[in-house]
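A.B. asks: Just passing along the structure, written as structure tokens.
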Amino acid sequence: MKLAKRILSMVIAMVMCFAVAVPMAGAQTYSEDGASAYSLQTSMTCELEMTLVSGTDHYKALATSKARGTSAVTQIKAEQWIQKHWALGLFFTANENSHFTQYSYTNSITASSLATSFGAGTYRVKTVFTFETANGTQEQYTVYSDEVTVS
């Protein structure tokens with residue numbers, strides 16, 4: 001009886017492991033007939049620089065995100081957040097007042113934002129790029145910077 005319970009527990013645990021959805025870093029949009037849209041992006045980067053504000057115990061953060069699309073791209077939206085590491089490396093949450101949105105009406109964008117009043121911790125930048133063509137085709141990609149730790 002104990003063996004049957006152990007086997008059942010293992011089977012349930014394995015089913016649960018495979019049932020959990022894993023989020024994708026970039027999600028493609030699809031055309032109306034269900035076929036995948038062609039890739040509109042060619043490169044994307046995301047960087048974070050943290051510097052101590054002179055005479056204080058707070059840091060300022062310069063977040064820079066860049067993207068370039070193919071020649072078919074007519075608009076790029078960059079939505080950017082500075083996120084702080086919270087528990088056990090598992091959770092990041094947007095830091096207050098660190099959300100920034102910028103648009104470009106060409107096939108490239110450089111989005112930079114400066115935010116202040118950051119304490120000690122580990123931070124990263126999350127940027128969601130949305131590429132769009134003249135006919136309305138869109139693709140969205142999420143990019144993260146390397147983590148930066150300040151104390």
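Throughout, read-outs are computed from the coordinates displayed, never taken from laboratory work. Owing to the predicted nature of the structure, the values given are computational and were not obtained by experimental measurement. Because the Cβ atoms are built from the backbone with ideal geometry, glycine has one as well, and the counts that use them run over all protein chains shown.
A.B. asks: HN-Hα J couplings of segment 73-85 from phi, Karplus 6.51/-1.76/1.60, θ = phi - 60°, integer Hz, Gly and Pro as x?
C.D. replies: Values per residue, Gly and Pro as x: 6, 10, 8, 10, 10, 10, 10, 10, 10, 9, 10, 10, 6 Hz.
A.B. asks: Can you run phi through the Karplus equation (6.51, -1.76, 1.60; θ = phi - 60°) for segment 64-71 and list ³J(HN,Hα) in whole Hz, with x for Gly and Pro?
C.D. replies: Once rounded to whole Hz, the list reads 10, 10, 10, 8, 9, x, 5, 5.
A.B. asks: Oh, and also: Which whole-Hz couplings ³J(HN,Hα) result when phi for each residue of segment 102-114 is put into the Karplus expression 6.51 cos²θ - 1.76 cosθ + 1.60, θ = phi - 60°, listed in order with x for Gly and Pro?
C.D. replies: Ordered by residue, 3J(HN,Hα) equals 9, 10, 10, 9, 10, 9, 9, 8, 10, 10, 10, 9, 10 Hz.
A.B. asks: Above 21 angstrom, tally the Cα pairs of segment 49-151 and express them as a % of all pairs, no decimals.
C.D. replies: Value for segment 49-151: 39 percent of Cα pairs lie more than 21 Å apart.
A.B. asks: I'd like the chymotrypsin sites (Phe, Trp or Tyr not before Pro) in segment 90-151 restricted to DSSP loop residues with at most 11 other Cβ atoms within 10 Å, sorted by number.
C.D. replies: Answer in residue order: F91, Y105.
A.B. asks: Of all GluC sites (Glu not before Pro) in segment 54-134, which ones are in loop regions per DSSP and have a Cβ with at most 11 other Cβ atoms within 10 Å?
C.D. replies: Sites meeting the loop and neighbour criteria: E96.
A.B. asks: Mind checking the full-extension length gain between A120 and T45? Use 0.36 nm per residue of separation minus the Cα-Cα distance, one decimal, nm.
C.D. replies: 24.5 nm
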